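Worksheet for the structure shown next.
The values are calculated or read from the model by the stated rules, or taken from the named source; none is laboratory data. Computed from a prediction, not measured in an experiment: that's the story for all the values here. Virtual Cβ from ideal backbone geometry, glycine too; neighbours counted across all protein chains shown.
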Amino acid sequence: MTTPQKPIGSGFGAHSTADEVLDGIDLTGKLALVTGGYSGIGLETTRSLVKAGANVVVPARRPETAREALAGLPGVEFDELDLADLDSVRAFADRFLATGRDLDIVIDSAGIMACPETRVGPGWELQFATNHLGHFALVNRLWPAIERGRGRVVSVSSGGHHNSPIRWDDLWFEQGYDKWQAYGQAKTANVLFAVQLDALARDRGVRAFALHPGGILTPLQRHLEKSEMIERGWIDEDGKVLNPGMFKSPQEGAATQVWAATSPQLDGLGGVYLEDCDIAEPARADGPRGGVRDYAVDSEQAARLWALSAELTGVDAFAA
């Protein structure tokens, strides 16, 4: 364990909402970028940031869907971005940087979960390519605007990081694909990204956080068969949620990432993993699944993953 994973007693909890954690915080004049900000907890994040006065840029793989979802929200703009396509990432970043604006908040909320085996680019596994490498390239390409904003970068991970560390010997699952281990590896990468970004950026006034938003039934489950969700005890044959207490609402699910992006309680902190609107404790081997695994906040693994990601994507804003 190499990060200070100790709760600070924020006063919020698992069922706090994004609007509640933003109560009293004025984001007027601030510019935020929220990937996936037009669906699920990303949409709730966008709505809450707008209510607090922020302007929000929403990059979207499905621009028409984003247009419909964001209709009527003031101060919101969207542009096309496919995180699985590094050419698309570069083009979006170039267009944004050409506007000359600073970014105060970046929330990497977009993601895919437990999809069928899919390869992109030079044979990269899709979940790692989208959830991690796409966001890695995006933040590094947008770094001039982020550095000027001197704000926060929020990497949305998941309790799914418990499923797998980084598989250094078989990163692309060439020896057999498991959709949940692939998801776990990608979510571990999201945490390690925040650990290393914070180490590199803190002296330049930018802090980074990773987090588990909680269990929320959203379009993130699009790749799961109904039978699988029934088997897991999430829903019944009619699609009704069996245990509502098991899941957060989208507003509750958005709370931790909004808190990470804006709370003055986190001033002077960074490189930590959050859950339920507080800094998470280290995971216990013999306890219930929760907290953060040691391998996800290990500084040596974070630096190793950063170097590998820079090599794979061809971009590193901090290269000498």
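May I ask you to list the residues in segment 165-216 that are in a loop (DSSP other than H, G, I, E, B) and small (G, A, S)?
Matches in segment 165-216: G176, G205, G214, G215.
Within segment 72-80, is there a residue that is over 19 Å from the mean Cα position of the chain (by Cα) and crowded, with 22+ Cβ neighbours inside 10 Å?
Checked against the condition, which is being over 19 Å from the mean Cα position of the chain (by Cα) and crowded, with 22+ Cβ neighbours inside 10 Å, segment 72-80 yields at least one hit.
Could you tell me whether F78 is at pLDDT below 95 and either hydrophobic (A, V, I, L, M, F, W, C) or in contact with an Asp or Glu (Cβ under 7 Å, 6 or more places away or on another chain) (or both)?
Answer is yes for this residue.
Please list, ordered by first then second residue, the pairs with beta carbon atoms under 6 Å, 6 or more apart or interchain, first in segment 70-81 and in contact (Cβ under 8 Å) with a residue 24 or more places away in the chain, second surrounded by fewer than 15 Cβ atoms within 10 Å (Cβ to Cβ).
If the second residue must be surrounded by fewer than 15 Cβ atoms within 10 Å (Cβ to Cβ), no pairs are left.
Determine whether segment 79-86 contains at least one residue that is touching a strand residue (DSSP E or B) at 6+ places or on another chain (Cβ under 7 Å), small (G, A, S) and farther than 30 Å from Q265 by Cβ.
So far as segment 79-86 goes, yes, one or more of its residues are touching a strand residue (DSSP E or B) at 6+ places or on another chain (Cβ under 7 Å), small (G, A, S) and farther than 30 Å from Q265 by Cβ.
Output the number of residues of segment 294-320 satisfying the condition of being in a helix (DSSP H, G or I), more than 17 Å from G271 (Cα to Cα) and among the charged types (D, E, K, R).
Residues that pass the stated criteria total 1.
Does any residue of segment 96-115 turn out to be under 20 Å from the mean Cα position of the chain (by Cα), surrounded by 14 or more Cβ atoms within 10 Å (Cβ to Cβ) and of a type in the set (K, R)?
No, segment 96-115 contains no residue that is under 20 Å from the mean Cα position of the chain (by Cα), surrounded by 14 or more Cβ atoms within 10 Å (Cβ to Cβ) and of a type in the set (K, R).
Of all residues being farther than 30 Å from L83 by Cα and surrounded by fewer than 14 Cβ atoms within 10 Å (Cβ to Cβ) in segment 9-49, which is nearest to the chain's Cα centre (by Cα)? Just the residue, please.
Filtering segment 9-49 for residues that are farther than 30 Å from L83 by Cα and surrounded by fewer than 14 Cβ atoms within 10 Å (Cβ to Cβ), the one nearest to the chain's Cα centre (by Cα) comes out as G13.
Return a yes/no flag: does segment 196-211 have any residue that is modelled with pLDDT of 60 or more, of a type in the set (S, T, N, Q) and closer than 30 Å to W306 by Cβ.
So far as segment 196-211 goes, yes, one or more of its residues are modelled with pLDDT of 60 or more, of a type in the set (S, T, N, Q) and closer than 30 Å to W306 by Cβ.
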